[in-house]
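First comes the structure, then the notes that go with it.
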Amino acid sequence: MKYISTRGEAPELNFEEVLLTGLARDGGLYVPKSWPVLSKDTIKAMRGQSYQQVAFIVLSPYVCPEIPEDDLKELINKAYSSFRHDAIVPLAQLDGNEWILELFHGPTLAFKDVALQLLGHLFGYVLGKRSEKITIVGATSGDTGSAAIDCVQGRNFAEIFMLHPKGRVSDVQRRQMTTVIEKNVHNIAIEGDFDDCQAMVKALFNDLEFRDKINLSAVNSINWARVMAQIVYYFTSAVALGAPDRKVSFSVPTGNFGDVYAGYIAKQMGLPIDQLIVATNTNDILSRTLSNGEYKVGETIPTISPSMDIQVSSNFERLLFNIYDAKGAEVRALMENLKQSGQFNITDDRLDIAKQTFNAMRVSEDETKKTIADVFNRGGQVIDPHTAVGVNAARKNWNDKSVPMISLSTAHPAKFPEAVKEMTGVHPELPSHMANLFEREEKFDVLPNDLDVLKKYILEHL
Ligand SMILES: *Cc1c(COP(=O)(O)O)cnc(C)c1O
């Protein structure tokens, strides 16, 4: 498979190059040149297969034969051996046709593990083959950080610098990152919000000289391999509920648009998805954009679902590329407007294309809390605030109750114990491998929101 940039001016790359490159050199994001389509029979044949087997069927068109098939199988098996549930991502029933897909059984208790555990093994494989080493610089609103650190900690192929907004991630989230005391792990609290952190990472990528000097790579969902790995669970869950003979709908708690974009790809690959619901918290730039076409960056507001406290949704650029018929120049013009004036407008005809697939909705803090309480009172399930945003939006947007609705459950409730305790009276316990998290030593540095200071810090610590 060949990959091209959404802005049309960077070289075409193969899979291994895309994996290591992160952001394209023209500032765009890499996307596959075409979508591999799976036949109805191929999707049917996924019934009864393991997660790992389905992952191979879905991912191999993107990766093989560049990486030999048997090697990919082995990488997939290694990646998912770190999960605590045999199904990897089990479905749980809330009500008649209403389901949640538990994506939080990986080592750091959030759905980010599903992609990052695989990414770590892909990095190790490709870098080992090339005898190269990378520097990973990432920004996290909470969950990417720990999942990325977990997949490379103590491995000799990477140094990782992880930026989080100071005081804006939960205590559990921060400690999951800062208690990893390994020489190749560098945690940095930035005096700013998540968008500031993300902007600094992008600026490092756009400084081509610095980027080449440190062999910079990305673990954020600007990295194609992250989005790719997330396509798999749309297939496993839909097939478990009757696809491809039956349609299925999804509701996705959304921040950077990576997860729900993976659902969009699953649909392009032939999965019969009826609705894809983009559920946002009070930081509702995407629900506004998908309703009126105006992408306008506002202030980031802290919420009880902090992993979605985002204004600039990187992966939305990939969707723009698709709805603008793969015209890089048009995407470039929109992104230029965003840079100049903090906004751009999608024309009505293009917006209509997006609306054929996506419904979007903003869920308030109050509604989120009520949903946690309601799910607990009805069926006894304890869900986290991110999941609750998705469940609430699912219930309000569900067009056809005969179509199963799957809300993605993106985090374990123990990552956000305060909100969960308040609404259910239950204090969600951390799994045993993390039980002593609050007794462990923490290590991180605080830096101002200043690119030059960050660059100096990285060079000093390499
Ligand atoms: C990252 C994250 C999200 C948002 O996912 P995107 O791919 O950024 O849209 C939602 N919930 C949780 C718990 C997360 O960690």
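Every number in this text was worked out from the coordinates using simple rules, so none of it is lab data. Everything quoted here is computed from the prediction, not taken from an experiment. Heads up, the Cβs are rebuilt from the backbone with ideal geometry, glycines too, and the neighbour counts pull from every protein chain shown.
Could you point to the residue in Ala148, Ile285, Ser39 farthest towards the positive end of the chain's charge dipole, with +1 and -1 charges on the Cβ of Lys/Arg and Asp/Glu respectively? Going by the Cα projections, it comes out as Ser39. Here the chain is treated with +1 on each Lys and Arg Cβ and -1 on each Asp and Glu Cβ, and its dipole about the Cα centre works out to around 660 debye. In the chain, the calculated helix contribution to ellipticity at 222 nm averages -13500 deg cm²/dmol per residue, counting -39,500 (n - 2.57) for every DSSP H run with n ≥ 4. Look at the dipole of the chain built from charges on Cβ: of Ile67, Leu204, Pro165, the Cα furthest out on the positive end belongs to Ile67.
For the stretch 1-107, lysine pairs separated by 8 or more sequence positions, or belonging to different chains, with Cα-Cα distances below 25 Å total 6. Computed over the chain, the P(r) tail beyond 41 angstrom holds 9 percent of alpha carbon pairs. Specify whether the C-alpha gyration tensor of the stretch 148-187 places it in the rounded, prolate or oblate class, a ≥ b ≥ c being the square roots of the eigenvalues: rounded for a/c under 1.5, otherwise prolate if a/b is larger than b/c and oblate if not. It comes out prolate by the Cα gyration axes. Neighbour counts of C-beta atoms inside 10 Å place Val260, Val248 in the sequence Val248, Val260, starting with the fewest. Separation of the stretch 122-139 from the stretch 410-462 is 24 Å, based on Cα centroids. Between Asp445 and Lys213, the C-beta separation translates, for a Förster distance of 25 Å, into a calculated FRET efficiency of about 0.75.
When both the stretch 41-104 and the stretch 305-341 are represented by their alpha-carbon centers, they are found 29 Å apart. Pop the C-beta distance of His85 and Tyr457 into the FRET formula with R0 = 25 Å and round what comes out to the nearest 0.05. Once rounded, the FRET efficiency stands at 0.05.
Please work out the FRET efficiency for the pair His427 and Asn156, using the Cβ-Cβ distance as r and a Förster radius of 30 Å; give the result to the nearest 0.05.
Working: r = 39 Å, r/R0 = 1.31.
So, using R0 = 30 Å, E works out to roughly 0.15.
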